[in-house]
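Trainee: Next up is a structure, given as structure tokens.
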Amino acid sequence: MKTIKAEYNGKLRCKVEHEVSGSSVVTDTNKNNTSTGFTPPELFAISFLTCVGTMMGYEAEALKLDISGMKMEVSFDMSKDLPRRIAKIEAQLWIPCKVGDHHKELLMKVAKNCPIRHSIHPDIDESINFHWLEG
């Protein structure tokens, strides 16, 4: 089982340090617009987006496609009712190279099979939108 350690630093902030590289991430809250780091729901959305992008990267390398520079964006809405939760999450991906139909299908398939996507509760309205370079 993978273990990640974090520390609560007070004032609604936590710090997570990457064991191998020593890099760190600070989480915070948007309370009073004083955030100095990503909120936990933002990290969830980032995990979803980067998992999709990474899976596409693996497949692109296997297909000898260069998708370097692929732009990615994620949006999400929180529920209005309790318990608070992510109610909707939507990813947008702009693929910067021309891709044939067969390779498009393969890239979309691996994107939709990323581990984070499979971990999302079925009640969450989730989508991935692909924007292909035409021509």
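The values are calculated or read from the model by the stated rules, or taken from the named source; none is laboratory data. On a predicted model such as this, the values are computed, not experimentally measured, just so you know. Cβ placement follows ideal geometry from the backbone for every residue including glycine, while neighbour counts extend to all protein chains displayed. The protein model used for the area step is the full one, side chains on, heavy atoms only, and it has no ligands, DNA or RNA in it. Shrake-Rupley method; radii C 1.70, N 1.55, O 1.52, S 1.80 Å.
Trainee: Please identify the GluC sites (Glu not before Pro) of region 63-135 that satisfy two criteria: DSSP loop assignment and at most 15 other Cβ atoms within 10 Å. Which are they?
Mentor: Within region 63-135, the qualifying GluC sites (Glu not before Pro) (loop, at most 15 other Cβ atoms within 10 Å) are Glu134.
Trainee: Also, quick follow-up: Once amide H atoms are placed 1.01 Å from N in the peptide plane, what residues at a sequence separation of 5 or more from Glu126, or on another chain, have their amide H within under 5 Å of its amide H?
Mentor: Amide H neighbours of Glu126, under 5 Å, 5+ apart: Ile89.
Trainee: Give me the accessible area per residue for the chain, probe 1.4 Å, as a whole number in Å².
Mentor: 69 Å²
Trainee: Still on this structure, I have one more. Using a 1.4 Å probe over the heavy atoms of the protein chains, calculate the carbon and sulfur portion of the accessible area of the chain as a whole percent.
Mentor: 54 percent
Trainee: Could you work out the longest stretch of the chain that avoids the trypsin sites (Lys or Arg not before Pro) located in DSSP loops with at most 15 other Cβ atoms within 10 Å?
Mentor: Formally, the longest exposed-site-free interval is 12-63.
Trainee: Less than 12 Å Cβ to Cβ from Met55, Lys/Arg counted +1 and Asp/Glu -1: what total charge do the surrounding residues give?
Mentor: Summing Lys and Arg as +1 and Asp and Glu as -1 gives +1.
Trainee: Would you please give the residues with an amide H less than 5 Å from that of Thr39, counting only those at least 5 places away or on a separate chain, with H modeled from the backbone geometry?
Mentor: Placed amide hydrogens put Asp28 under 5 Å from Thr39.
Trainee: List the relative contact order of the chain as a percent without decimals, with contacts defined as Cα pairs under 8 Å and 6+ residues apart.
Mentor: Rounded, it is 19 percent for the chain.
Trainee: Apply the Karplus curve 6.51 cos²θ - 1.76 cosθ + 1.60, θ = phi - 60°, to the phi angles in region 114-119 and return the couplings in whole Hz, x for Gly and Pro.
Mentor: 5, x, 5, 4, 5, 8
Trainee: Counting each DSSP H run of 4 or more residues in the chain as -39500 (n - 2.57), what helix-only mean residue ellipticity at 222 nm follows after dividing by all residues, to the nearest 500 deg cm²/dmol?
Mentor: Computed ellipticity for the chain at 222 nm equals -9000 deg cm²/dmol.
Trainee: Shifting gears a bit: Residues with amide H under 5 Å of Arg85's amide H, sequence separation 5 or more or different chain, H placed in the peptide plane at 1.01 Å from N; which?
Mentor: Ser79
Trainee: Report the local net charge at Val16: Lys and Arg +1, Asp and Glu -1, summed over other residues whose C-beta lies under 15 Å from its C-beta.
Mentor: -1
Trainee: Quick one: which of Lys71/Lys104; Lys2/Lys64; Lys15/Lys112 span more than 24 angstrom between C-alpha atoms?
Mentor: Over 24 Å Cα-Cα: Lys2/Lys64; Lys15/Lys112.
Trainee: When the Karplus curve 6.51 cos²θ - 1.76 cosθ + 1.60 is applied with θ = phi - 60°, which whole-Hz ³J(HN,Hα) does each residue of region 42-49 get, with x for Gly and Pro?
Mentor: Each residue of region 42-49 in turn: 5, 5, 4, 5, 4, 4, 4, 4 Hz.
Trainee: Right, next: Go through region 11-24 residue by residue and turn each phi into a ³J(HN,Hα) via Karplus (6.51, -1.76, 1.60, θ = phi - 60°); whole Hz please, and just put x for glycine and proline.
Mentor: These are the phi-based 3J(HN,Hα) values: 6, 6, 10, 10, 10, 10, 10, 6, 4, 7, 8, x, 5, 9 Hz.
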